[in-house]
Amino acid sequence: MKTFQLVFLSAVLLIAMPRLSGMSETEPVSSEVSERILNLIFSKGPEIYIKYRGVESIRKEHHQEFEPQTNALKSTSEITSHRKDYFYEQPEIEVLSLKKDGTDMNPSKHRIWKTMPIYPVFDEQGLENYELKITDKKKIDERECYRIQVIPRKETSRHFKGNIYCTVDKLETVFTEGTVAKLDFPLKEFYMELRTMLINDVPVLQSGTVKVRVRVPIFYPDTLIVSTITVVECKLIEQNKKAR
């Protein structure tokens, strides 16, 4: 059987990171402060999507497949891939290497099911796609952050649902946790926690964890897949320019 991967995340969210230690108690934020901070974010956010088309990266992933009922480990895979993740188009993905259960395999044995990217939260259509509210502040790794609650205005698999954390001092996105508004076939569960880094002042995926549960009758049994992601190399793809 081929190894399996569902591709939901591109550089599209530009907002994400695995759950961090040292998260402090919450501190409420008033509606007036929430509105002011969100206006500041949207004064700069849309420029990213005008200037850049997406993100090109080399990514290493460690996949563990579990039997959902017993939590028994079924297999492990290590994948290195070259990706071009676009903000509004399907990603381009080339698997460079594949190791399954400790054995090197032909990269073509790795099955990739692509999906369209999640709608960005902070582009020009962000407020049409999402209801946003800064609910409170937390310290994450000793950095004080606003928590932005993201509520999708439509129940689709391209709408994000969860929380985004950005620093109080620089409004730099550092942490995202959540799912999608609707689980399309073959998904039964989906949850992500991702970390970002800055490239040319643009936050892009650095590392994270994604959990999906899938079932495709006959072709793929009910399976929980836990993927740990590390980005090795990364650069932005400018508009009207193709990455090499």
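The values are calculated or read from the model by the stated rules, or taken from the named source; none is laboratory data. Everything numeric in this text was worked out from a predicted model, so none of it was measured. A quick note on method: Cβ atoms are made from the backbone with ideal geometry, for glycine too, and the neighbour counts reach across all protein chains shown.
With THR70, THR115, THR76 as the choices, which residue is surrounded by fewer than 19 Cβ atoms within 10 Å (Cβ to Cβ), within 27 Å of ARG215 (Cβ to Cβ), within 20 Å of the chain's Cα centre (by Cα) and of a type in the set (Val, Ile, Thr)? Write out each step before concluding.
Details: THR70 fails: within 20 Å of the chain's Cα centre (by Cα); THR76 fails: within 20 Å of the chain's Cα centre (by Cα).
Exactly one of THR70, THR115, THR76 is surrounded by fewer than 19 Cβ atoms within 10 Å (Cβ to Cβ), within 27 Å of ARG215 (Cβ to Cβ), within 20 Å of the chain's Cα centre (by Cα) and of a type in the set (Val, Ile, Thr), namely THR115.
Please count how many residues of region 196-244 are free of Cβ contacts under 8 Å to residues at least 24 places away in the same chain and in a strand (DSSP E or B).
Adding up the residues that qualify gives 2.
For region 217-244: of the residues being in contact with a Phe, Trp or Tyr (Cβ under 8 Å, 6 or more places away or on another chain) and farther than 26 Å from GLU47 by Cα, which is modelled with the lowest pLDDT? Before the answer, list the steps.
Initially, region 217-244 is screened for residues in contact with a Phe, Trp or Tyr (Cβ under 8 Å, 6 or more places away or on another chain), giving 220, 223-226, 236-239.
Still in the running and farther than 26 Å from GLU47 by Cα: 220, 223-226.
Details: TYR220: 84, THR223: 95, LEU224: 96, ILE225: 95, VAL226: 97.
Applying the filter and picking the extreme gives TYR220.
Assess whether GLU155 counts as being among the acidic types (Asp, Glu), surrounded by fewer than 20 Cβ atoms within 10 Å (Cβ to Cβ) and not in a strand (DSSP E or B).
On the way: among the acidic types (Asp, Glu): yes; surrounded by fewer than 20 Cβ atoms within 10 Å (Cβ to Cβ): yes; not in a strand (DSSP E or B): yes.
Yes; evaluated as a whole, the condition is true for this residue.
Consider GLU193 carefully, then state whether it is of a type in the set (Asp, Glu), under 12 Å from the mean Cα position of the chain (by Cα) and assigned to a strand (DSSP E or B). Working first, answer last.
Details: of a type in the set (Asp, Glu): yes; under 12 Å from the mean Cα position of the chain (by Cα): yes; assigned to a strand (DSSP E or B): yes.
For GLU193, the condition - of a type in the set (Asp, Glu), under 12 Å from the mean Cα position of the chain (by Cα) and assigned to a strand (DSSP E or B) - is met.
Going through region 162-180 one residue at a time, which ones are surrounded by 22 or more Cβ atoms within 10 Å (Cβ to Cβ) and either in contact with a Leu (Cβ under 8 Å, 6 or more places away or on another chain) or of a type in the set (A, V, I, L, M, F, W, C) (or both)?
Passing the criteria: ILE164, CYS166, THR173, VAL174, PHE175, THR176, VAL180.
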